Amino acid sequence: MRIAVTGTSGQLALSLGERAAAVAGVSVIRLGRPELDLLRPETVAPALAACGADIVVNAAAYTAVDRAESEPALAHAVNATGAQAVAAAAAGLGLPVIQISTDYVFDGTAPDPYAETAPTGPVSVYGASKLAGEGLVAAANPRHLIVRTAWVYSPFGGNFVSTMLRLAATRDTIQVVDDQLGNPTSALDLADGLVAAARRALYPGFSAWGIYHMAGSGAASWAGFAAQVLDESRRSGGPYATIEPIPGAQFVTAARRPTNSRLDTARAASVFGSGLPDWRLSVAAVVRRLAADSRAAAAEAAPGRI
Ligand SMILES: NC(=O)C1=CN([C@@H]2O[C@H](COP(=O)(O)OP(=O)(O)OC[C@H]3O[C@@H](n4cnc5c(N)ncnc54)[C@H](OP(=O)(O)O)[C@@H]3O)[C@@H](O)[C@H]2O)C=CC1
Ligand SMILES: Cc1cn([C@H]2C[C@H](O)[C@@H](COP(=O)(O)OP(=O)(O)O[C@H]3O[C@@H](C)C(=O)[C@@H](O)[C@H]3O)O2)c(=O)[nH]c1=O
Ligand SMILES: [Mg+2]
């Protein structure tokens, strides 16, 4: 199985590349700018046609949640029109598409985890642009899986985990919002789940197209997530700071975030196999890996001192 993934250096694109390399018979080809540019929809079909894939994962997106509030046209062009171009190009090649979407399509007022069938109601430009993308993808390619995930972190690039480690290096205390709940998700775990979903989708006769929720097992607040990161960092000999829980109203951001965006992941677990691991285990694995990487970098920079 050959999986084409949009995005070259994105967290999920890199994670899919790494995880696929560990599975016999699965390969991932990452497609990005300039060859495939979601802002130039005419580049998408030729780039996909050239790579001979069996299935396409659209992991590329405009993910700067706060900046999107002042760049709504750009967010929409990438996350809605761009996603439509990927789904349509896949359809033209006779391929199914897996569109990655987000918990931020929900308004966050529900008391319980959201099922796939729950009404959406984004409270940010980013969330609205991703929801528009879902609709356009579904209309452009009947063989679609729309996989909503949440709070993604990884050993690659910038994310909430790397932000907390960076802040902890220079502060004793970090204030973090404690009244927004969600499911922290390792991009490496998500990659495993997507490989399983792609395999299943390519079985002859597969017909369970539609929306799925795929995220780390268990929920946390951002403050609880941060505390777990820094506890593990301290155990690994990395930076540590105390997390001071604060209400969201006290942390002013351009975009609103949902209060409760926990996802009910039962459908994906039953159709594609097991669910994703407990979020705490995966946070520990990624923090330990980042700590080992930074020790290796320090040893390389100053070999005599280690
Ligand atoms: N990060 C998160 O917390 C969450 C993410 N998601 C969704 O998961 C998916 C993967 O996110 P993640 O890996 O974290 O994203 P990143 O922000 O790490 O990466 C975004 C990717 O999109 C690519 N990209 C942006 N604009 C364009 C463009 N015009 N043309 C081609 N590629 C472009 C980037 O390209 P380049 O490599 O050139 O920089 C990069 O590879 C996205 O759909 C996102 O909406 C859902 C829930 C949570
Ligand atoms: C850096 C920082 C953030 N926060 C808060 C702000 C916000 O409420 C919350 C998370 O902030 P971030 O900006 O890191 O996360 P954010 O960009 O909102 O993350 C989202 O990204 C997109 C792409 C998604 O699809 C979502 O699932 C979600 O992962 O933490 C603090 O309280 N203290 C801090 O020091
Ligand atoms: Mg952010």
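The values are calculated or read from the model by the stated rules, or taken from the named source; none is laboratory data. Computed from a prediction, not measured in an experiment: that's the story for all the values here. Every residue, glycine as well, gets a Cβ built from its backbone with ideal geometry; the counts of neighbours run over all protein chains shown. What goes into the accessible areas is simple: the full protein's heavy atoms, side chains included, and nothing from ligands, DNA or RNA. Shrake-Rupley method; radii C 1.70, N 1.55, O 1.52, S 1.80 Å.
What the table shows:
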quantity	calculated
Residue in the stretch 133-151 that is surrounded by the fewest Cβ atoms within 10 Å (Cβ to Cβ), counting only those that are of a type in the set (G, A, S) and either out of contact with any Ser or Thr (no Cβ under 9 Å at 6 or more places or on another chain) or in a strand (DSSP E or B) (or both)	A139
Listing of helices (runs of 4 or more DSSP H) fully contained in the stretch 215-306 that carry 1 or more residues being within 11 Å of ligand 2 (Cβ to nearest atom) and of a type in the set (G, A, S)	222-235
Pair list, Cβ < 7 Å and 6+ apart or interchain, from the stretch 201-213 residues that are open to solvent by 50 Å² or more (accessible area, probe 1.4 Å) to residues that are outside any loop (DSSP other than H, G, I, E, B)	L202/I55; W209/H144; W209/L145
Hey, A77 surrounded by fewer than 19 Cβ atoms within 10 Å (Cβ to Cβ) and either out of contact with any Gly (no Cβ under 9 Å at 6 or more places or on another chain) or farther than 13 Å from K130 by Cα (or both) or not	yes
Of all residues in the stretch 38-56 being more than 9 Å from ligand 1 (Cβ to nearest atom) and under 20 Å from the mean Cα position of the chain (by Cα), the one that is farthest from R200 (Cα to Cα)	V56
Residue count for the stretch 208-263, restricted to those that are among the aliphatic types (A, V, I, L, M), out of contact with any strand residue (DSSP E or B) (no Cβ under 8 Å at 6 or more places or on another chain) and within 15 Å of ligand 1 (Cβ to nearest atom)	2
Output for the stretch 152-163, where each listed residue is on the phi < 0 side of the Ramachandran plot and open to solvent by 10 Å² or more (accessible area, probe 1.4 Å)	V152, P155, F156, G158, N159, F160, S162, T163
Residue list for the stretch 41-58, filter: at negative phi and part of a loop (DSSP other than H, G, I, E, B)	A53, D54
Matching residues in the stretch 152-190 - criterion: being within 10 Å of ligand 1 (Cβ to nearest atom) and assigned to a helix (DSSP H, G or I)	F160, A187, L190
Members of the stretch 224-271 found to be open to solvent by 50 Å² or more (accessible area, probe 1.4 Å) and among the acidic types (D, E), listed by number	D231, E244, D264
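Residue by residue, here is whether (1) out of contact with any strand residue (DSSP E or B) (no Cβ under 9 Å at 6 or more places or on another chain); (2) part of a strand (DSSP E or B) holds:
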| position | (1), (2) |
| --- | --- |
| A60 | no, no |
| S70 | yes, no |
| H76 | yes, no |
| V86 | no, no |
| A90 | no, no |
| I100 | no, yes |
| P111 | no, no |
| E116 | no, no |
| Y126 | no, no |
